[in-house]
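J.: Could you have a look at this structure, given as structure tokens, before my questions?
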Amino acid sequence: MITTLRINRFLVLATAIFGCTDSEDVHEGDRGQRVRELYDQALNSIHSGKLDAGAEILSQVLVLDSTHYEARLGYGEILMRQRKFSSALVQMQRAAQQQPDREEARMQLGRLMVLLDRREEGREILIDFVGDFPSNVKARMLLADLLMTRAPPDPYGALEQYEAVLKTNSENLQAREGAAASRLRLGDFERAAE
């Protein structure tokens, strides 16, 4: 006969090994609260300029909730700032897989590919990204710059990106300069001078 004491011991043992109990809802609520508290602590650390502490806390958030998009994105961005590009790449890939309809991780993924000198992969990511988010000026500028600096340069593709930016903001100096450089490369000296 199984006694109440043996059942309680089993539940304690199961909780220790598997992290589950008969009152899982209570513990999920506790874990959710802990995740929110840790995430807030991480943000405070980051805003105070304590990136190492923020990264450590965000990694704790991800242990508790591996699907926390903002924590993964923030952790990846800190790793980028620390120039730990390979580690940041892992975080951004996971974040982009978790939420493919969001811009942030996909944009950073394109940037990381460029920083890791995986330019062709970065170009493909940015082309897809710009197709999905055509109003993202930073992505268009990054793609245009990437197209102009590849070997051989693609001034037609770059000009297309610069002109798309100029349609929304004709005063964007960087896009104007890029468009002029693209036109020079294409031999359109008169329009480049304009």
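The values are calculated or read from the model by the stated rules, or taken from the named source; none is laboratory data. What you see is a predicted model; the values in this text were computed from it and never measured. A quick note on method: Cβ atoms are made from the backbone with ideal geometry, for glycine too, and the neighbour counts reach across all protein chains shown.
J.: Restricted to segment 133-168, and to residues that are assigned to a loop (DSSP other than H, G, I, E, B) and within 26 Å of the chain's Cα centre (by Cα), which residue is surrounded by the most Cβ atoms within 10 Å (Cβ to Cβ)?
T.: First, the residues of segment 133-168 that are assigned to a loop (DSSP other than H, G, I, E, B): 133-136, 150-154.
Next cut, within 26 Å of the chain's Cα centre (by Cα) only: 133-136, 150.
On the way: Phe133: 15, Pro134: 11, Ser135: 11, Asn136: 18, Arg150: 15.
The qualifying residue surrounded by the most Cβ atoms within 10 Å (Cβ to Cβ) is Asn136.
J.: Any residue that is more than 29 Å from Ile57 (Cβ to Cβ) and modelled with pLDDT under 95 - is there at least one of those in segment 100-118? Step through it out loud before you land on a result.
T.: Taking segment 100-118 and keeping what is more than 29 Å from Ile57 (Cβ to Cβ), we get 117-118.
Next, from what is left, pick out any that are modelled with pLDDT under 95: 117-118.
Yes, there is a match, as at least one residue in segment 100-118 is more than 29 Å from Ile57 (Cβ to Cβ) and modelled with pLDDT under 95.
J.: Same structure, new question: Among the listed residues Glu171, Glu190, which satisfies the condition of being farther than 30 Å from Ala55 by Cβ and assigned to a loop (DSSP other than H, G, I, E, B)? Break it down stepwise before answering.
T.: Details: Glu190 fails: assigned to a loop (DSSP other than H, G, I, E, B).
Only one candidate passes the filter, namely Glu171.
J.: Out of the residues in segment 12-49 that are modelled with pLDDT under 50 and polar (S, T, N, Q), state the one that is surrounded by the fewest Cβ atoms within 10 Å (Cβ to Cβ).
T.: Filtering first and then ranking leaves Ser23.
J.: Hey, can you tell me all the residues within segment 115-167 that are over 20 Å from Phe85 (Cβ atoms), among the β-branched types (Val, Ile, Thr) and free of Cβ contacts under 8 Å to residues at least 24 places away in the same chain?
T.: Ile127
J.: Within segment 100-115, is even one residue assigned to a helix (DSSP H, G or I) and of a type in the set (S, T, N, Q)? Spell out how you get there, then give the answer.
T.: Filtering segment 100-115 for residues assigned to a helix (DSSP H, G or I) gives 103-115.
Still in the list and also of a type in the set (S, T, N, Q): 108.
Among the residues of segment 100-115, at least one is assigned to a helix (DSSP H, G or I) and of a type in the set (S, T, N, Q), which makes the answer yes.
J.: If you check Tyr75, Tyr69, which single one turns out to be of a type outside the set (Asp, Glu), crowded, with 16+ Cβ neighbours inside 10 Å and touching a Gly at 6+ places or on another chain (Cβ under 9 Å)?
T.: Working: Tyr69 fails: touching a Gly at 6+ places or on another chain (Cβ under 9 Å).
Only one candidate qualifies: Tyr75.
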